[in-house]
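Report on the structure given below.
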Amino acid sequence: MLWSQTFIPTLRDDPADAVIDSHKLMLRAGFIRQLTAGIYNYLPLMQCVIHKIERIVREEMNAAGAIEITMPVLHPAELWQKSGRWDVVGKEQMRMKDRHQRDLVLGGTHEEVITWIVRGELRSYRQLPKNFYQIQTKFRDEPRPRFGLMRGREFIMKDAYTFDATWDGLKNAYNKMAEAYFKIFRRIGFDVRMVESDVGAMGGTGAHEFMVPVETSGGENVILSCERCDYAANIEKATSLSLADEGARPEEPRQKEMVFTPGMKTVEEVTGFLRVGPEKLVKTLLYEVDGEVVAALIRGDREINEVKLKNYMRANELVMAAADVVMRVTGAQVGFAGPIGLSRVRIIADPEVKRMRNFVVGANRDDTHIINVNTVDFTVDEYAEIRQAQAGEICPRCNQGRLQSYSGIEVGNLFMLGTKYSDALGANFIDSDGVEKPFVMGSYGIGITRTAQAAVEAFHDEKGIIWPKAIAPYDFHIVPIEITDRRQREVAFALYEELQERGYAVLMDDREERPGVKFNDADLIGIPVRISFGDRSLKDGQVEIVKRRGKEMVKIPVEKAVDKAIEIFGQL
RNA sequence: CGGGGCGUGGCGCAGCCUGGUAGCGCACUUGCUUUGGGAGCAAGGUGUCGGAGGUUCAAAUCCUCUCGCCCCGACCA
């Protein structure tokens, strides 16, 4: 491709609206342009990258026995009402009415549709297992789109769905997909990690995510992994063995006592005022869970894991109680809630609270706390693990290693759905024993466009993008310094044509621009191997070959340039 | 949904507080010079100042409403 023929609108200045490096670079390098919040145009270079990612995905999916189809973007509301997700997915689901006033949704995922397809068509266990996939634009009305393609509202996704007769079959299919995902992401060049994750609104019995670890601010997820064994989980899901209160023998319970704590609302304020550590306080957090007010109790220095709480409650919606609700329930301002005398409210406590002695709680009265409280002083309805695991705690799997945390970008996910959708939509088959049973399903996603941005986030420097060769928009970038010079022009086109004849994708910068402009643009767009030359090098019959990653440059006679460039490319 | 910020030429921004008829850099066009890491000189084109309403002799500037975009939060009582 000739630069003059294509469309690569590079920007000299950082775009004002971008924050993280990958977003800035994709805009600056002319890969994407935003149309409206969370919705982007994919320009020619991006299109090349998308095609390359899609190709890898297709190859590995096909190799894993999956079959490609395309499902509609618009779905009738009834399908989602039947599965029960009409109410669960709620706001993220774009909805509209057609001219007949029928409700439609823009599909953010396709469990319902694929189940509808299979229902009645796959009738026998002999036709199983099956794995269908598609690569398609998806739409989810994210509450807050951000960071470019990282959390857009419209994005390209590969989604696959498996149908098995048994749970063992599902596990097999699941493992096969996991293997395929490792192949896909390793081919792209990622140091990808598979971590346990929450099932979220998808439902089902288990889930994993494929994460690309990043050191920049571009990671959206926090991952905890064991330094000794292979345990790794999204922090939303991660558990840990809380460090035993080492050496501390239980205190004798003391008599509880009200204390005046004027204006002391936060854990820091209260514990600072009372001169105790935050681990001596029990936070009482009030939530509205599907309309019911619930009090969650947790040690002062811990974080609540709302996902765990929500899952424990089997709730659809969980939000912090509003100030007026807190006032109504506790009779006090926000900041002074406590479990003692909190009637009519379900109290759920983290098990850690059970081991605490003589702790501080709010008194449900303004400017008042109670000290030397013990669990005998109030009633806990249920104990449930609702605390967030933290780095430094003990691994729940091997009981030995410490957990460490890092941030990652989710590029793929796997869900063991089980029979949630087949049950809801009545998708059954006749098993070998003659009994009608629901399909055991799995679903598996890869964010194609997000994967592209994750690559930029993972592979760039201060000058621009450094595409891994598997998904680079072009393999070679030819940069003649002065295209109007006859000799340079001849050499440029000779190299351009020969590389293409040998099966490579080549971009040639045939613009009449200053060398600096071309070199800077070359660094920006990040094609793996650059071949450049001007009068100076051609005088000696040589061209320069430079890898985008790293600095080393080789000079090579023109006649050997193609072979050498291909050799260098092959070593990447 | 809550809080904050920003909408001025294609892009990045100044001007707004203190109202007086719109400016800078980049980009673009033409010419000359230059030519190995974002050139120089000269000439030139480019704006419903997000939109609507209001105040005023006069509004980019003040007021009201509205639309859009970005950031933080949506959790730590």
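The values are calculated or read from the model by the stated rules, or taken from the named source; none is laboratory data. Only a predicted model underlies this, so the values are computations on that prediction, with no experimental measurement involved. A quick note on method: Cβ atoms are made from the backbone with ideal geometry, for glycine too, and the neighbour counts reach across all protein chains shown. The protein model used for the area step is the full one, side chains on, heavy atoms only, and it has no ligands, DNA or RNA in it. Shrake-Rupley method; radii C 1.70, N 1.55, O 1.52, S 1.80 Å.
Using modelled amide H (1.01 Å from N, peptide plane; none on Pro or chain starts), what sits under 5 Å from the amide H of residue A:156, excluding residues fewer than 5 places away?
Those lying under 5 Å, H to H, from residue A:156 are A:138, A:448, A:449, A:450.
What size of dipole, in debye to the nearest 20, comes out for the stretch A:257-383 about its Cα centre when the only charges are +1 on Lys and Arg C-beta atoms and -1 on Asp and Glu C-beta atoms?
300 debye
Ignoring ligands, DNA and RNA, what accessible area per residue does the stretch A:474-571 give at 1.4 Å, in Å²?
Here the per-residue accessible area is 49 Å².
Roughly how big is the stretch A:1-103's charge dipole about its Cα centre, with Cβ charges of +1 (Lys, Arg) and -1 (Asp, Glu), in debye to the nearest 20?
260 debye
Considering only protein heavy atoms and a 1.4 Å probe, what is the carbon-and-sulfur percentage of the accessible area of chain A?
48 percent
What is the distance in Å between the Cα centres of the stretch A:516-540 and the stretch A:340-390?
Cα centroid of the stretch A:516-540 versus Cα centroid of the stretch A:340-390: 67 Å apart.
Quick check on the stretch A:257-383: of the DSSP beta bridges with both residues there, what percent are antiparallel, nearest 5%?
Restricted to the stretch A:257-383, the bridges split so that about 70 percent are antiparallel.
Below 20 Å, Cα to Cα, which lysines can residue A:463 reach? Residues fewer than 8 away in the same chain don't count.
A:24, A:518, A:547, A:551
Helix-only estimate, please: 222 nm mean residue ellipticity of chain A, summing -39500 (n - 2.57) across DSSP H runs of length 4 or more and dividing by its residues, to the nearest 500.
The helix-only estimate for chain A comes to -8000 deg cm²/dmol at 222 nm.
What is the distance in Å between the Cα centroid of the stretch A:83-125 and that of the stretch A:457-508?
45 Å
Which of A:384, A:332, A:371 sits closest to the plus end of the dipole of chain A, meaning its Cα is farthest towards the positive end, when Lys and Arg get +1 and Asp and Glu get -1 on the C-beta?
Farthest along the dipole direction, towards plus: A:384.
Say R0 is 22 Å: what FRET efficiency, to the nearest 0.05, do residue A:340 and residue A:391 get from their beta-carbon distance?
0.10
Need one word for the stretch A:474-571: rounded, prolate or oblate. Basis is the Cα gyration tensor (sqrt eigenvalues a ≥ b ≥ c); a/c below 1.5 gives rounded, then a/b vs b/c decides.
Rounded is the answer for the stretch A:474-571, as its axis ratio a/c remains below 1.5.
Give the cysteines in chain A for which no other Cys Cβ lies under 4.7 Å away, or write none if there are none.
Those would be A:48, since no other cysteine Cβ in chain A comes under 4.7 Å of theirs.
Would the stretch A:174-220 count as rounded, prolate or oblate if I go by the C-alpha gyration tensor, calling it rounded below 1.5 in a/c and otherwise prolate when a/b exceeds b/c, oblate otherwise?
Since a/c reaches 1.5 but b/c is at least a/b, the shape of the stretch A:174-220 is classed as oblate.
Give the accessible surface of the stretch A:267-324 per residue, rounded to a whole number of Å², with probe radius 1.4 Å and ligands, DNA and RNA excluded.
Result: 48 Å² per residue.
Which value, in Å to one decimal place, does the Kirkwood hydrodynamic radius take for chain A when every pair of different Cα atoms is included?
About 27.4 Å for chain A.
Pull out the extension gain between residue A:167 and residue A:498, defined as 0.36 nm times the separation in residues minus the alpha carbon to alpha carbon distance; nm, one decimal.
So the extension gain works out to 113.8 nm.
Any idea what the dipole of chain A comes to, in debye rounded to 20, about its Cα centre with Lys/Arg Cβ at +1 and Asp/Glu Cβ at -1?
Value, rounded to 20: 240 debye.
Of the listed peptides A:106-112, A:565-571, A:297-303, what is their order by residue-averaged count of other C-beta atoms within 10 Å, with the highest listed first?
A:106-112, A:297-303, A:565-571
Taking a ≥ b ≥ c as the square roots of the Cα gyration tensor eigenvalues, with a/c under 1.5 meaning rounded and otherwise prolate when a/b beats b/c, else oblate, which class fits the stretch A:382-477?
Oblate.
With the calculation restricted to Cα positions, what are the radius of gyration and Dmax of the stretch A:257-383 in angstrom?
13.4, 40
Within the set of other residues whose C-beta is less than 15 Å from the C-beta of residue A:305, count the net charge using Lys and Arg as +1 and Asp and Glu as -1.
Result for the neighbourhood of residue A:305: -3.
Going highest first, how would you order A:368-376, A:482-490 by mean Cβ packing within 10 Å?
Answer by packing, highest mean first, reads A:368-376, A:482-490.
Based on the mean of other beta carbon atoms within 10 Å per residue, what is the order of A:35-44, A:48-57, most packed first?
For the peptides A:35-44, A:48-57, the packing ranking is A:48-57, A:35-44.
How large is the accessible surface per residue of the stretch A:326-441, computed with a 1.4 Å probe and reported in Å² as a whole number?
I get 39 Å² per residue for the stretch A:326-441.
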